[in-house]
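*Asks:* Sharing a structure with you now.
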Amino acid sequence: MRRWKPALSPHYKTKRHERVVAESCALESFKLKLGADPEPGADSFVSLLTDSFRAYDSAPTPAAYSFALSHLFRHPHLLGSHLPQILSHLESSDQSPTPEAIFLDLIRNFGKFGLIREALDVFFKIPRLRCAPTAKSLNLLLGILCRRKEGLLLVRDVLLRSPELNIRIEESTFRVLVRALCRIGKVGSAIELMRLMPLHECEPDAKMYSLVLRTICKELGSAEAVDFLEEMRSVGFVPSVPECNAVIGALVRDGKVNDAYFVLNQMIFDGRRPDVGSYNMVLSGLSSKGNFKEVDELFDEMLLTGTVPDKFTYNTYIDGLCKRGDFERAGRMVECMGRVGCNPDIETYNILIAGYVRVSEIRKAREVMNEVRENGIRWNSHTFRILIDGLCLEGRMMEAYQLFLEMLREGCDPGPSSFDRLVCGLCEKGLFSEAIQVLMEMVGRSYAPDARSWTAILEGLEMSSNLSNTCLCLVYGATSLPQKAEASKNEAFCKQELKDVEEELQKYC
């Protein structure tokens, strides 16, 4: 049976309507007065508010106070003098309870301006302003405090004094604190806080566990991540694919590939379907450990489950084939990529080229490089560096030097390691003029050659009668550049020194 509600009298409806209209007109009048004089004195500001409403036989409403406060934040230089007057008037006025929304806006605006102490003062004043604060105000204040280092020091005091305001700590409060602790890397404290939640009749949710797990993977070790993953399962949460991937990534980084493989299988047992990223991380770990049999098995398993490999998957698998010397299968896999719509890129070919260079098959590496160009793919810096390093290791320095010149024409950067290897190799072969050219290019790019390069150049110049003593002294003096740069920690200083060396080398050599 529906409960009978007495109808409101027409007289009551009329009076209520008249009051609403009067308050609306008073607020508009207040806005117009502020528009004409946006920066009145502190006393005048309160008078404008009260006079506007007194003219309509009314008292300032929460909406009016809210507008007045927002006006002050649009003119922040008025806050220090005007805000205490407004809050004092609000406290002394004999009105109905003040909506918490006014204080939420006030605390939020203080947070935007970085006024932490002011936000704190307003929070503790809320009960005196005829408002019962809730966890909303507490959470907002904690969120602001947790964004700043000095604010974090005040969190404990706020939590201890919250019961004085009759605020019950809720799950949302713990969520704010756990998120803040994870953001600053104090994941151990976040875990302790989660374990205190049952004492407050709260329970961590799946999102909280997920956040802490991902932070553990980032800040702590893989062992802690695995332990926390098991804790999640023990309380009834089945880890999601991204959460398991975070743990797998941590395990692979720590070299615990077998444990990563176990987590992958546990995902399947839990009813989760690993994505291509899950397989890629384990494949990469197995390949780096030389467990090529497991690589084959996992790659086949991946295909059987219907997971579509991406370029990283193929590149990892091809790299494993090259490392075991199975170039025939590696080549077939590259062809297969094109057939399934996952066209090989320059990194795929770089893996193949590096594999041939590793076993001193420079001719084969050259053939692959030519094939790359025929397919319309441009060589990158890594492509050149692989072959230059391979030629240097075999002592074929003129070929390496010619490839170096081609690399420069293509606009690619050899990088400091290739520069150093080339300089040393050319000097060993007595090709000092070419070595000086490489050195000039190196200092022109603001790279400081290492000690091996300087030693090789100096020894070569001392034995050569074709180069001037001035050049010898200059290069000998330049050997201190790395030490100077380290001592000064000034990048601009180092670059200027290198530029001076380059100019002098061009002058004398």
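*Asks:* I need the shape label for region 137-218. Rule: rounded when a/c is under 1.5, else prolate if a/b > b/c, else oblate, with a, b, c from the alpha carbon gyration tensor.
*Replies:* Judged from the Cα gyration tensor, region 137-218 comes out oblate (a/c at least 1.5, b/c at or above a/b).
*Asks:* For region 421-462, state the semi-axes of the equivalent ellipsoid (square roots of 5 times the eigenvalues of the alpha-carbon gyration tensor), sorted largest first and rounded to whole angstrom.
*Replies:* Semi-axes from the Cα gyration tensor: 15, 11, 8 Å.
*Asks:* First measure r as the distance between the Cβ atoms of residue 347 and residue 207, then evaluate 1/(1 + (r/R0)^6) with R0 = 41 Å and state the FRET efficiency to the nearest 0.05.
*Replies:* E(calc), rounded to 0.05, equals 0.70.
*Asks:* If you find the alpha carbon centre of region 381-450 and of region 255-281, how far apart are they in angstrom?
*Replies:* The two parts, judged by their Cα centres, are 43 Å apart.
*Asks:* Normalised by the number of residues in the chain, what is the relative contact order in percent for Cα pairs under 8 Å and 6+ residues apart?
*Replies:* 5 percent.
*Asks:* For each of 47, 417, count neighbouring Cβ atoms within 10 Å of the residue's Cβ, then give the residues from fewest to most.
*Replies:* The fewest-first ordering by Cβ neighbours comes to 417, 47.
*Asks:* Between residue 450 and residue 50, how many nm apart are label points set 7 Å from Cα along the C-beta direction?
*Replies:* Distance between the two pseudo-spin positions: 7.9 nm.
*Asks:* Ok, one more. Would you mind computing Rg(Cα) / (2.2 N^0.38 Å) for region 236-367, counting N as its residues?
*Replies:* In units of the globular-protein estimate, region 236-367 measures up at 1.11.
*Asks:* Give me 212, 357, 21 sorted ascending by neighbouring Cβ count inside 10 Å, so fewest comes first.
*Replies:* 21, 357, 212
*Asks:* May I pose another question? Within straight cross-link reach of residue 429, meaning Cα distance under 13 Å, which aspartates and glutamates are found once same-chain residues fewer than 8 apart are removed?
*Replies:* Those aspartates and glutamates meeting the cut-off are 394, 399, 459.
*Asks:* A further question on this structure: At most 13 other C-beta atoms within 10 Å and a DSSP loop state: those are the exposed chymotrypsin sites (Phe, Trp or Tyr not before Pro) I care about. Give me the longest piece of the chain that has none.
*Replies:* Excluding the exposed sites themselves, the longest stretch runs over 114-509.
*Asks:* Right, something else. Which of the aspartates and glutamates could be linked to residue 125 by a straight reach, that is with a Cα gap under 14 Å, when you skip same-chain ones fewer than 8 residues away?
*Replies:* Cross-link targets: 91, 100, 164.
*Asks:* Residues of region 233-252 with amide nitrogen under 16 Å from the 7 Å Cα-to-Cβ point of residue 269?
*Replies:* The answer is 233-240, 244, 248, whose backbone nitrogens lie closer than 16 Å to the label point.
*Asks:* Describe numerically, in nm with one decimal, the distance between label points set 7 Å from Cα along Cα→Cβ at residue 219 and at residue 262.
*Replies:* Going by the 7 Å Cα→Cβ label model, 2.6 nm.
*Asks:* Say a paramagnetic label sat at a point 7 Å from the Cα of residue 312, along Cα to Cβ; which residues of region 235-272 have their backbone N under 16 Å from it?
*Replies:* The answer is 241-254, 261, 264.
*Asks:* Still on this structure: Using just the Cα positions, wrap the chain in a convex hull and report its mean projected area in square nanometres, one decimal place.
*Replies:* Across all orientations, the chain yields a mean hull projection of 40.8 nm².
*Asks:* Then there is this: Where in the chain are the helices, taken as whole DSSP H runs, whose Cα atoms extend 24 angstrom or more along the long axis and whose Kyte-Doolittle mean reaches at least -1.0?
*Replies:* Once both thresholds are applied, what remains is 10-36.
*Asks:* DSSP loop (so not H, G, I, E, B), at most 12 other Cβ within 10 Å: list which GluC sites (Glu not before Pro) in region 156-210 pass both filters.
*Replies:* Here the GluC sites (Glu not before Pro) that fit, given the DSSP loop and packing criteria, are 201.
*Asks:* Taking a temperature of 37 °C and a viscosity of 0.692 mPa s, what whole-number D in µm²/s does Stokes-Einstein yield for region 30-111 with Rh from Kirkwood over alpha carbon pairs?
*Replies:* The diffusion coefficient I find is 253 µm²/s.
*Asks:* With 10 angstrom as the radius, rank 244, 427 by how many other C-beta atoms surround their C-beta, starting from the fewest.
*Replies:* 244, 427
*Asks:* Take the alpha carbon gyration tensor of region 94-185, find the square roots of its eigenvalues, order them as a ≥ b ≥ c, and report rounded if a/c is under 1.5; if not, report prolate when a/b exceeds b/c, else oblate.
*Replies:* prolate
*Asks:* Between residue 183 and residue 124, what is the FRET efficiency for a Förster distance of 25 Å, r being their Cβ-Cβ separation, to the nearest 0.05?
*Replies:* Approximately 0.45, to the nearest 0.05.
*Asks:* Moving to a separate point now. Given the C-alpha centroids of region 99-130 and region 131-195, what is the distance between them in whole angstrom?
*Replies:* Each part reduced to its Cα centre gives a spacing of 16 Å.
Each reported figure results from applying straightforward, stated rules to the coordinates on display, with no laboratory input. Keep in mind that this is a model prediction, so the values were computed, not measured. Cβ coordinates were reconstructed from backbone atoms using ideal geometry, including for glycine residues, and neighbour counts include every protein chain displayed.
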